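Following: one structure in structure tokens, then a few remarks.
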Amino acid sequence: MALYLLFESASGYSLFLAHGIDEIGQSIDAGRESVLDLNRFGKVVRLVAFSPFSSALDALNQCNAISEGIMTDELRNFLELNLPRRKEGKKPKFSLGVAEPKVGSQIFEVTKIPCQSNDFVLEMLRGVRLHFDKFIQDLKPSDLEKAQLGLGHSYSRAKVKFNVNRVDNMVIQAIFLLDTLDKDINTFSMRVREWYSWHFPELVKIINDNYLYAKVAMYLEDKSNLSEDHIPQLADIIGDEEKANEILEAARASMGQDLSPIDLINVKQFAQRVMDLSDYRKKLYEYLVTKMNVIAPNLTSLIGEVVGARLISHAGSLSNLAKCPASTLQILGAEKALFRALKTRGNTPKYGLIFHSSFIGRASSRNKGRLARYLANKCSIASRIDCFSDMNTTVFGEKLREQVEERLDFYDKGVAPRKNVDVMKSAIDIAQSLAGEDAGENKGINESSTKKSKKKKKSKDEAEEIEPVEIKPSDLVDGDASTEPETKKKTKKKLKHAEDEDTKTIEAVNGGNGTSKKKKKHQKSEEGDVERIIEGKKKKVKTEGHE
């Protein structure tokens, strides 16, 4: 059986025929030895066809398709044109060697060409890659290197761009930084306590909170300057007036040594740094909460922001977490204990990172393992919904949380929980109704905006039609000066309106040549009525002027 080799290079697709396999044998060691010698390898492999890519964009698209295990139309046409035709109903007398098994299975499904990918085929393709520029005429090694470099840059750039849009990277970095900040703030707070305790050792027992201790140390500075006037401000900082009085009494009877002004300045600056780090830690936690509600809303509502972010960071991404089975997710973070148990043939761990969930703490020691298994199952469902669903809703996470609560009641009180099918059906109905309401609101907003725009246009047109009439002083007659201008304005507006109607009717009569006789008669009668109205109004205006 003949063996053809498909090689995907940066410059195009190439097809080789391995015709001299009998000379070297089909063993892997023999193939490795023949690859190194070009004269020997040239007798084994012969170029059959080469199809260059049309552009750099085409090369990038073909490379992306091959990496995802997809056969493109160009590759299919290339294989069908250059491989021997097989007769229907008979087995082909050749096979195609490929480097990617996924591509081979796709080729076999579509074209029924038998494909193989084994160690011998990979060794032959390695030799083709090594001596590729020797097989194709007019192809310089520098040109091939340029093509490989350009394709490598564009492929990696496309992957990085795709990765930037995946915002779970920001969650991974945020949770790493949050854990680091917790350790650093704790270390620095202990250093502030130890440093300021040389001056005021009694303050450590009065104030336990690290942030509050740094704030008080920064306010007090020198304990000898503390007096009763400072108690109101000290009470505002601590939030307890009794503790403020206790600090004052302790400062008066303190056993600490005095510090120089320079030492106190350094202690104050370091305490300020610790406070700034604590404030930044709060902002970073708020940022993590908002990000988790956008990326994994269901996982967040089920297990919390911090535990969910730790699961995503440990798995590498949300998609990797969604691909993990529930058994893997259950012990995620306890790999050392797992392998130690497998090596010593001891008991395997029951939980990993999900131990930090509040559900595990609420369960009894007897039911912790059972609840961890159940919670891991629900977390895997929530992560898959977040990863592969288009709807950004927390309905499924809330329903899954209710199920975990029911399972806790079942373990403690024996109350039977609902079935998963019924809970998921109700969650789907609620999610669909919410999606329909959002769509209706968007439609209503669009319709109202269009109506408002139409009303604005109409008001503008009416304002343009009605023009103000100027009144000259000569037009005013002796008498009531306030009433006569208003009457003249009204009469002039009426005349204008009548003239506009007159012109419209005349234009309609002139323009409608193809109208019927009845319509023309009706238009003529209307025209006569309009003329009569205009003449009557003109007479009224003249009489008013004479009066």
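The values are calculated or read from the model by the stated rules, or taken from the named source; none is laboratory data. These numbers were taken from a predicted model, which means no experiment stands behind them. Heads up, the Cβs are rebuilt from the backbone with ideal geometry, glycines too, and the neighbour counts pull from every protein chain shown. All accessible areas refer to the heavy atoms of the entire protein, side chains included, with ligands and DNA or RNA removed. Shrake-Rupley method; radii C 1.70, N 1.55, O 1.52, S 1.80 Å.
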TODO: Check off (1) surrounded by 12 or more Cβ atoms within 10 Å (Cβ to Cβ); (2) at pLDDT below 90; (3) not small (Gly, Ala, Ser) for residue 229 and give me the number that stays unchecked.
DONE: (1)
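Would a scan of segment 58-73 turn up a residue that is more than 39 Å from the chain's Cα centre (by Cα) and part of a helix (DSSP H, G or I)? Step through it out loud before you land on a result.
First pass over segment 58-73, keeping only residues more than 39 Å from the chain's Cα centre (by Cα): none.
Looking for residues that are more than 39 Å from the chain's Cα centre (by Cα) and part of a helix (DSSP H, G or I), one finds none in segment 58-73, hence no.
Scan the helices (runs of 4 or more DSSP H) fully inside segment 255-326 and keep the ones with 1 or more residues being within 20 Å of the chain's Cα centre (by Cα) and free of Cβ contacts under 8 Å to residues at least 40 places away in the same chain. Spell out the reasoning first.
Details: elements: 261-295, 297-303, 305-315, 318-323.
The qualifying helices (runs of 4 or more DSSP H) are 261-295, 305-315, 318-323.
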Task: Filtered residues of segment 200-215 (kept if in contact with a Ser or Thr (Cβ under 8 Å, 6 or more places away or on another chain), touching a residue at least 40 places away in the same chain (Cβ under 8 Å) and of a type outside the set (Asp, Glu)) - done: 200, 201, 203, 210, 211, 214
Task: Evaluation of residue 392 against (1) crowded, with 19+ Cβ neighbours inside 10 Å; (2) part of a loop (DSSP other than H, G, I, E, B) (one fails), failing number - done: (1)
Open item on the list: I need every pair where a residue in segment 168-189 that is of a type in the set (S, T, N, Q) has its Cβ under 6 Å from the Cβ of a residue that is in a helix (DSSP H, G or I), sequence separation at least 6 or different chains.
Closed with: 189/210; 189/274
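Filter segment 414-433 down to the residues that are over 17 Å from residue 374 (Cα atoms) and not polar (S, T, N, Q), then identify the one that is most open to solvent (accessible area, probe 1.4 Å).
Step one: list which residues in segment 414-433 are over 17 Å from residue 374 (Cα atoms), which gives 422, 425-433.
Cutting the leftovers down to not polar (S, T, N, Q) gives us 422, 425, 427-431.
Values: 422: 87, 425: 125, 427: 0, 428: 75, 429: 95, 430: 67, 431: 3 Å².
By that ranking, first place goes to 425.
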Task: So residue 272, is it in contact with a helix residue (DSSP H, G or I) (Cβ under 7 Å, 6 or more places away or on another chain) and surrounded by fewer than 16 Cβ atoms within 10 Å (Cβ to Cβ) - done: yes
